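Heads up, the thing below is written out as structure tokens.
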Amino acid sequence: MIYFRDVSKIYDNGSVALDHVTVHIEKGEFVFVVGASGAGKSTFIKLLSHEELPSSGTVVVNGIEVNRIAKDRVPYLRRKMGIVFQDFRLLPNKTAAENVAFAMEVIETPRKVIKERVHNVLDLVNLVGKADALPQNLSGGEQQRIAIARAIVNRPLMLIADEPTGNLDPDTSRGIMDLFTKINHMGTTVLMVTHDKQMVDMMNKRVIEIVDGRIVRDEQKGAYGDED
Ligand code: ADP
Ligand code: ADP
């Protein structure tokens, strides 16, 4: 599903963000990526979505060699992944349902299908009752659940989350993690960057730790570890 082979990323200013990284992630896995600020976690994610290109090495996502695809294939690649951020990134002038629908409208899905899928996915995140609310009238946890609904409405193969609980209190975070677990059990690969030690320790999933651009630990049923 995801394969990094000897991948390095050196930014134009000389920053080495990833340093000879090799890693496999199989379909259906749930993986935490941990490490201090500046370790290279976001770069890892940006290489998956073709937001950045590797300086050397190969990045393969779902059989597609990401570093070699033509520009016009990038949207097709990104459709295979749903991405969720710490700051939710909802469109402020659209309702919850419109935010979710928007992800489908851009790929020209028929209206009836959009309506049905939006309803189903809002049901999945337990927010049918907030369908017509604007983001500013939703709590942080609710906004994140809408962002997750938007990320999965096109049924991606993988859900990628960059610090999804970074702005949320522990109780709300637990609810978000339960949702990720539910989505993972539906067959979606989940890759989550996090600083939430308590959560990682509780979940008992695979943990990949990055220090200075290198994978220093990759454990099944791992814990957060001692870093930061
Ligand atoms: P993390 O997500 O773990 O905080 P990043 O992947 O954002 O780490 O950053 C890894 C390293 O690459 C850091 O040293 C950071 O300063 C550097 N870096 C990240 N993005 C850029 C960029 N666009 N230009 C130059 N350096 C960058
Ligand atoms: P539908 O009636 O549209 O077939 P489902 O009951 O199958 O809906 O699913 C409800 C919603 O949950 C879907 O709209 C979809 O976005 C989401 N979903 C279903 N299966 C998965 C999956 N494997 N991974 C992620 N999201 C899924």
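The values are calculated or read from the model by the stated rules, or taken from the named source; none is laboratory data. This one's a predicted model, so the numbers in the text were calculated from it and none came from an experiment. Positions of Cβ are generated from backbone atoms using ideal geometry, with glycine treated the same way; all protein chains shown enter the neighbour counts.
Tabulated data for the structure shown
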{"quantity": "Lone unmet requirement of (1) within 15 Å of ligand 2 (Cβ to nearest atom); (2) hydrophobic (A, V, I, L, M, F, W, C); (3) assigned to a loop (DSSP other than H, G, I, E, B) for L168", "calculated": "(1)"}
{"quantity": "Any chance I69 is among the hydrophobic types (A, V, I, L, M, F, W, C) and within 13 Å of I160 (Cβ to Cβ)", "calculated": "no"}
{"quantity": "Lone qualifier among K46, K27 - being of a type outside the set (A, V, I, L, M, F, W, C), surrounded by fewer than 20 Cβ atoms within 10 Å (Cβ to Cβ) and within 10 Å of ligand 1 (Cβ to nearest atom)", "calculated": "K46"}
{"quantity": "The range 42-73, residues that are more than 20 Å from V193 (Cβ to Cβ), part of a loop (DSSP other than H, G, I, E, B) and not polar (S, T, N, Q)", "calculated": "G63, I69, A70"}
{"quantity": "Members of the range 186-205 found to be over 11 Å from the mean Cα position of the chain (by Cα) and more than 16 Å from ligand 2 (Cβ to nearest atom), listed by number", "calculated": "H195, D196, K197, Q198, M199, V200, D201, M202, M203, N204, K205"}
{"quantity": "Flag for G129 being more than 21 Å from E163 (Cβ to Cβ) and buried (at least 17 other Cβ atoms within 10 Å of the Cβ)", "calculated": "no"}
{"quantity": "Where a residue in the range 44-57 is over 14 Å from R68 (Cβ atoms) and charged (D, E, K, R) and its partner, wherever it lies, is within 13 Å of ligand 1 (Cβ to nearest atom) and in a helix (DSSP H, G or I), with Cβ under 7 Å and at least six apart", "calculated": "E52/T43; E52/K46"}
{"quantity": "Some residue of the range 91-99 being in a helix (DSSP H, G or I), of a type outside the set (V, I, T), in contact (Cβ under 8 Å) with a residue 12 or more places away in the chain and under 21 Å from M192 (Cα atoms)", "calculated": "no"}
{"quantity": "Whichever residue in the range 101-154 is in a helix (DSSP H, G or I), aliphatic (A, V, I, L, M) and within 16 Å of the chain's Cα centre (by Cα) and, among such residues, is modelled with the lowest pLDDT", "calculated": "A103"}
